[in-house]
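The values are calculated or read from the model by the stated rules, or taken from the named source; none is laboratory data. In this text the structure is predicted, and so the values were computed from the model without any measurement. When we count neighbours, we look across all protein chains shown, and the Cβ atoms used for this are built from the backbone with ideal geometry, even at glycine.
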Amino acid sequence: MNIKIHKEGVNIILALLLILIVICIPVYIFVPSVAVSVVLWCVSLVMLSLVVNFFRSPARDYRGVRENMVLSSVDGTVVALEEVEEDVFLHGRAIQLSVFMSVFNVHANWYPVDGKVEEVRYQPGRFRAAYLPKSSSENEHSSIVIKADNGQRILVRQIAGAIARRIVTYARPGAKSDVSEHLGFIKFGSRVDIYLPLDAEVLVKIGDKTTGGITQIARLKK
C-alpha cells in the first residue's frame, strides 16, 4: 500500500519539527554535556516519528463485493456490538457496532457504504475516554446519515475521546458516499460507531481488528 501524510497532519508535523529544532539546536550549542544533547535529539526523533505515524494516510483500494456490503470506517478494534434504540436519526432499533482507535492506528475515516449522504450534524460535548459506552452520546461527536444504494439507511458517528479534541468531517448532505473515499478524520485516540439495520448480517465480533476501507463488517439485506 502507498502511504502518505494526511493533509490534516501537515501543519502539525511542520510546527512540531520547528519547535524541536528550536529546542535542540541551542542545547547542542550551549550545553557542554554530549549525553544531554544526544538524549534530547533521540527523544525529539521519537516524538516526531510517533506524530508522523499517527497522521499517515495509506491509499487503499477495496476490490471485494460492494453490493450490500458495509466496510469498517476505521482501523481499530471492535469494542461494542449490541442492539440499541437510535431515536435521533434512524428513529428505531438498530445494531450499534463500535470500533476504537488507539493513538497508533490510522485515524482517517472512510465511508462504510456506497450511497448518498442525507444528513450531517455536529454535536459538542464532553471528552470522556472513547472506549466508554457513554462516550457515544455524551462526547463531542459528528453524525453522518447515509442512504445506501439498496435504499437502507445507516448512521456513522465520529466520536472524540479523552485525547482527541478535534473531529473533521468532509461528508456533506447530498454528496456521494464511496467506500474508497474519506468521510473525515479524528485527531488522536477516538472511536467510530456505525448503526446498522436490525436485519443486517454482522461479519465481525468484539475484539476483532478492522482495517478502514477494507474489512467487511456487515452485509445489508437486499
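Assorted remarks:
- Filtered residues of segment 1-32 (kept if among the small types (Gly, Ala, Ser) and in contact (Cβ under 8 Å) with a residue 24 or more places away in the chain): Gly9
- Arg60 meets all of the listed conditions (1) part of a strand (DSSP E or B); (2) farther than 24 Å from Gly151 by Cα; (3) of a type in the set (D, E, K, R) but one, namely (1).
- Looking only at segment 75-98, and only at residues there that are under 14 Å from His141 (Cβ atoms) and not aromatic (Phe, Trp, Tyr), the one that is surrounded by the most Cβ atoms within 10 Å (Cβ to Cβ): Ser98
- Condition met for Asp178 (assigned by TED's automatic domain parsing to the domain that holds Gly92, free of Cβ contacts under 8 Å to residues at least 24 places away in the same chain, surrounded by fewer than 18 Cβ atoms within 10 Å (Cβ to Cβ) and among the charged types (D, E, K, R)): no
- Pick from segment 167-181, criterion assigned to a strand (DSSP E or B) and within 13 Å of the chain's Cα centre (by Cα), ranking: modelled with the highest pLDDT: Thr169
- Among residues of segment 182-204 being out of contact with any strand residue (DSSP E or B) (no Cβ under 7 Å at 6 or more places or on another chain) and charged (D, E, K, R), the one that is modelled with the lowest pLDDT is Lys187.
- Here Glu140 passes the criteria (1) surrounded by fewer than 24 Cβ atoms within 10 Å (Cβ to Cβ); (2) modelled with pLDDT under 65 except the one numbered (2).
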